[in-house]
Amino acid sequence: MEIMFVIVSLISIGYISKYLGILREEDRSVLNNVVVYIAMPSTVFLTILKNVSLEELPLFIKLPILIFFIFTLCGIVGYILGRYLKLERRSIGGLILVCALGNTGFLGYPVIYGFYGDPGLVRAIFCDMGSVIASLLIGTFVGITFGEGIKGEGNTSIYIIKKLLRFPPFIACILSILFIILGIGVEDIPTFLVDTLNYLSKATVPLIMISLGLSLSPSSTKFGIKYGILALLVRMGIAPLLAAILSMMFLLEGLERNVLILQSAMPSAMMSLVFSLLYRLDIKLVASACFITTIISLILLPILKGILTLVI
């Protein structure tokens, strides 16, 4: 539970910095770039290389596949809810995104690391790789189908592949897996380079949390509290239930199962806002859902972790 106080404190630093004018909301783009292009790839590369053996790779590869499947099913639930509520197309698209896409990176990494340390973080990273693929595929498909903005860049499949191959944490993940297959360990890398990556890696969590604090906007809740609650029920109710069922079906136990369930229960991803702006979906609905699910998740995630410890 103590880790949640640390996370809330770091998020509060970002939010208070915005309120006091020390940082602006636009500054989160700079922080996000530092995280995505420098700090997070360092974390991904070192964590996988230090904590994964060649024999464990087949087990870990299940995690991104299952997360992708869970997010897709949650997106279908979002579509059904939108149709049932007779929402307009732009709003249905927004609801699909906030139900489908979970914040497995910017909130998942610090939360899972706080709960389980490096062994949990490496599993969270593999889950996040599935989340990245789901975000690109689902986000682009929903934007093109329900949005009013641009319709991609030429061939949609090629566009998605290009985006994926240009995503630094994904590149770091593939590179680290390649090193493991080739039998290259941390001890085979020059010490100065490992130390450099370690320093950069330590910046990941605090920068992520400060950036998240800059992104939060309580005023957005007035635009759609009920949709935020719906997204919360899907993200933190249906998604972890699906993860628990799939864990039993695919024989996942222990830390793999717990991390999969917790990662599946992460709040609506901030990437939903990016896709909503890009494709002119219902940005007010999406912003409200992201804020509500993020705030409430800070209370519910430790409870879920406690349940997993006691029951499973």
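Things worth noting here:
- If you go through region 11-30 and keep only what is buried (at least 20 other Cβ atoms within 10 Å of the Cβ) and hydrophobic (A, V, I, L, M, F, W, C), you end up with ILE11, LEU23.
- Given (1) under 13 Å from LEU101 (Cα atoms); (2) open to solvent by less than 10 Å² (accessible area, probe 1.4 Å); (3) assigned to a helix (DSSP H, G or I), index of the condition LEU232 fails: (2)
- Taken together, the criteria place ASP128 among residues that are under 29 Å from GLY78 (Cα atoms) and among the acidic types (Asp, Glu).
- Qualifying residue in region 77-97 (condition: of a type in the set (A, V, I, L, M), open to solvent by 40 Å² or more (accessible area, probe 1.4 Å) and over 27 Å from LEU304 (Cα atoms)): yes
- Any chance ILE61 is open to solvent by 50 Å² or more (accessible area, probe 1.4 Å), of a type outside the set (Lys, Arg), within 21 Å of ASN103 (Cα to Cα) and assigned to a helix (DSSP H, G or I): yes
- Region 82-106 - residue that is part of a helix (DSSP H, G or I) and among the β-branched types (Val, Ile, Thr) and, of those, nearest to the chain's Cα centre (by Cα): VAL98
- Note on region 53-91: residues that are more than 20 Å from ALA244 (Cβ to Cβ) and in contact with a Phe, Trp or Tyr (Cβ under 6 Å, 6 or more places away or on another chain) total 1.
- Test for LEU262: is it surrounded by fewer than 24 Cβ atoms within 10 Å (Cβ to Cβ) and part of a helix (DSSP H, G or I): no
Each row is one residue, and each column tells you yes or no for (1) assigned to a helix (DSSP H, G or I); (2) among the basic types (Lys, Arg).
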position	(1), (2)
SER17	yes, no
LEU23	no, no
ARG28	yes, yes
LEU31	yes, no
THR43	yes, no
LEU49	yes, no
THR72	yes, no
GLY75	yes, no
ILE80	yes, no
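- Residue match in region 245-257 (condition: open to solvent by 10 Å² or more (accessible area, probe 1.4 Å) and within 30 Å of ILE38 (Cβ to Cβ)): yes
- The residues listed here are LEU273, LEU310, LEU278; of these, the one that is in a helix (DSSP H, G or I), among the aliphatic types (A, V, I, L, M) and open to solvent by less than 60 Å² (accessible area, probe 1.4 Å) is LEU273.
- Residue match in region 60-82 (condition: under 18 Å from CYS127 (Cβ atoms) and among the charged types (D, E, K, R)): yes
- Pairs, first within 17 Å of ILE61 (Cβ to Cβ) in region 259-270, second assigned to a loop (DSSP other than H, G, I, E, B) and of a type outside the set (A, V, I, L, M), C-beta under 6 Å, six or more apart: GLN263/THR104
- When region 189-220 is filtered for residues that are within 21 Å of the chain's Cα centre (by Cα), open to solvent by 30 Å² or more (accessible area, probe 1.4 Å) and not small (Gly, Ala, Ser), the ones remaining, listed by number, are LEU200, LYS202, VAL205, PRO206, LEU207, ILE210, PRO218.
- Just one of the listed residues (ALA172, ALA239) is over 29 Å from ILE296 (Cβ atoms) and assigned to a helix (DSSP H, G or I), and it is ALA172.
The values are calculated or read from the model by the stated rules, or taken from the named source; none is laboratory data. What you see is a predicted model, and the numbers here were worked out from it, not measured in a lab. Cβ atoms come from the backbone with ideal geometry, glycine included; neighbour counts cover every protein chain shown. Quick note on the areas: whole protein, heavy atoms, side chains included, nothing else; ligands and nucleic acids left out. Shrake-Rupley method; radii C 1.70, N 1.55, O 1.52, S 1.80 Å.
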